[in-house]
Each structure stands twice: as C-alpha cells, then as structure tokens.
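The values are calculated or read from the model by the stated rules, or taken from the named source; none is laboratory data. Since this is a predicted model, take the numbers as computed values, not measurements. Here Cβ is always computed from backbone atoms with ideal geometry, including for glycine, and neighbour counts include all displayed protein chains.
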Amino acid sequence: MNIKQTLDCVLNFFFPPRCESCDCVLEKDSLALCPDCRAAWENEKREICRHCGKPHVFCDCMIEDYRYFHLLPYHPSGFESVSRNLILHAKERASRYLIRFEAKELASLLRSRGVLSHTYVISFVPRSHASVLEHGFDQSELLAKALAAELDFEYAPLLTHEGNTKQKTLTANARVANADESYILDADRAFYARGKRIILLDDVVTTGASMLACAKQLRCAGAAEVVLLSLARTASSTK
Ligand SMILES: [Zn+2]
Ligand SMILES: [Zn+2]
C-alpha cells in the first residue's frame, strides 16, 4: 500500500464517504451514490429528451452542426432529483468521489455512443474568474481532467473566460452576444488546437451559447473536429 492509499484508508475511517445526493453513509465500494440514489440516477438518464423524443443518453440532438452528448436532464426548479443534487453539489464542493463518478459515467456514455474511434483531446468551457474565486475551483475543469484520465486522453485547458457577466442572468439573445466576447483562445493554444479532435466539456448546457462560442473558436483555429459533451441539459431549454 503506498502513502496515498494509506492516507485514503485513514481518511475513509474518520470521514466515511457519504452519498452525494442524500448524504447517507455509503457501503464500502459504492462510488458517490447509495443504491437508492443510484437507481434514481439511472431512471433519470432514461427520461425522454423533449427535443428529439429519445432518452437523454440516446439523444440525437445537435447544437447547430456539432455532435452533442449528455447524460440526463437538469430541472433547475420543481421536483428534487438526484441529478440536480449532484450538479448543485459539484458546483459548490470539489468532491473527488463525485468527480470520479461523473467522469466514469461520461466515459461510458462516449463509449456506448461510439464516439471513441479516434483519439481526442479533452477540454472544457471555463467558469469566469469571479466564479472560480468565489467557489475556489472550476467544476468543469476538474471533470475534464478526470475524464481525460479515465479515457487515457490528453487534457488541455484551451480557453480562458475573460467576461464577468453571469450567463444565467441574461436572456437567450444576450447570452449569445456575451458568450461570443467572453471566451478567449490565445495564439499559442490556437496553434495547439489545429488539426486536433477535441471533446469540449461543460457541466450543464442551457441555451448552448457558451459551448458554441468556445466550439467556434476551436474550429476557427483549425480543430479537425469538436464534439460537445455535458452532464446535463436544462430541461426548460428551448434551443
Ligand atoms: Zn443516496
Ligand atoms: Zn434530444
């Protein structure tokens, strides 16, 4: 047993892992969710996408002309769900159990949808500086790193977020304008992106404006392909 494994054992003894949704103490070997919450999560993945009429895990929706994959719907208000609990927790605390669980789920989604016939670079849609300062981390960055490790792909932080206006405070049209000027791909990273196949990750997609603004920059820089990926798609989204 190496030092990290020993430390994990000690930490798990004093602070046993808890379910990321209902907070009960987890049985040994269960990752992030208790059996009941896990069953609810699997059910939520089977909910029908209202845009294409298929379960979210089989959703065939494109965002403009980009292939787009996600696991489940995000209901910002209304009934409580395991997926909403997980998404809200992931924004507030950097739980390694939760990130590992989400990365494994995304990896198996990509495998099952036949996306992995090529080698991809994993990148992400960054949070604003103000948001990173407030929360202390960027959940999409942590998830992108974990997904890259899970798939044995390269991880590359390609874009920076220079704007400080929060997308969720804006209308759909204002989101597009704000997103277009908020994300920066500098010359070195643009050079790196050239010819690469890139999976661009965001935790939740609502209108898709942020995702598209980043994807277009990668394509302009000469990326061979940009695939969009999120944990969830806001169910009330009309686009
Ligand atoms: Zn639970
Ligand atoms: Zn769909």
Subject >> Selection from the stretch 151-169 of residues that are charged (D, E, K, R) and either assigned to a strand (DSSP E or B) or crowded, with 18+ Cβ neighbours inside 10 Å (or both) >> reply: GLU154
**OP:** Take the residues in the stretch 109-118 that are in contact with a helix residue (DSSP H, G or I) (Cβ under 9 Å, 6 or more places away or on another chain) and closer than 14 Å to PHE153 by Cα, then tell me which one is surrounded by the fewest Cβ atoms within 10 Å (Cβ to Cβ).
**Re:** ARG111
Original post:
So ARG67 fits all but one of (1) away from ligand 2 (no atom under 16 Å from the Cβ); (2) in a strand (DSSP E or B); what number is the exception?
Top reply: (1)
Original post:
Quick one: which of SER210, SER182, SER230 is touching a helix residue (DSSP H, G or I) at 6+ places or on another chain (Cβ under 8 Å), more than 27 Å from ASP60 (Cβ to Cβ) and not aliphatic (A, V, I, L, M)?
Top reply: SER182
**OP:** Could you please find all residues in the stretch 32-80 being acidic (Asp, Glu) and closer than 15 Å to VAL227 by Cα?
**Re:** ASP60, GLU64, ASP65
**OP:** Inspect all residues belonging to the stretch 177-188 and state whether any of them is surrounded by fewer than 20 Cβ atoms within 10 Å (Cβ to Cβ), in contact with an Asp or Glu (Cβ under 9 Å, 6 or more places away or on another chain) and outside any strand (DSSP E or B).
**Re:** yes
**OP:** May I ask you to say which residue of ALA94, ALA32 is more than 30 Å from ALA213 (Cα to Cα), of a type in the set (Gly, Ala, Ser) and touching a helix residue (DSSP H, G or I) at 6+ places or on another chain (Cβ under 7 Å)?
**Re:** ALA32
Subject >> Residues located in the stretch 56-71, provided they are free of Cβ contacts under 8 Å to residues at least 60 places away in the same chain and in contact with a helix residue (DSSP H, G or I) (Cβ under 7 Å, 6 or more places away or on another chain) >> reply: VAL57
Subject >> Which listed residue is part of a helix (DSSP H, G or I), more than 13 Å from the chain's Cα centre (by Cα) and at pLDDT 95 or above, from SER131, SER108 >> reply: SER108
**OP:** Return the residue satisfying two criteria in turn: it lies in the stretch 58-94 and is within 16 Å of CYS34 (Cα to Cα) and modelled with pLDDT of 90 or more, and of such residues it is surrounded by the most Cβ atoms within 10 Å (Cβ to Cβ).
**Re:** LEU86
Original post:
Any idea which of (1) assigned to a loop (DSSP other than H, G, I, E, B); (2) at pLDDT 80 or above; (3) away from ligand 2 (no atom under 16 Å from the Cβ) is the one ALA40 doesn't satisfy?
Top reply: (1)
Subject >> Any hit, the stretch 18-25, residues being more than 16 Å from ligand 2 (Cβ to nearest atom), acidic (Asp, Glu) and free of Cβ contacts under 8 Å to residues at least 40 places away in the same chain >> reply: yes
Original post:
Out of (1) without any contact (Cβ under 8 Å) to a residue 24 or more places away in the chain; (2) more than 28 Å from ARG46 (Cβ to Cβ); (3) in contact with a His (Cβ under 8 Å, 6 or more places away or on another chain), what's the single condition that is false for HIS129?
Top reply: (1)
Original post:
When you go through ARG50, ARG100 one by one, which is the residue that is within 16 Å of ligand 2 (Cβ to nearest atom), of a type outside the set (Ser, Thr, Tyr), touching a residue at least 12 places away in the same chain (Cβ under 8 Å) and surrounded by fewer than 20 Cβ atoms within 10 Å (Cβ to Cβ)?
Top reply: ARG50
Subject >> Count of residues meeting criterion [in contact with a His (Cβ under 9 Å, 6 or more places away or on another chain) and among the charged types (D, E, K, R)] in the stretch 207-238 >> reply: 2
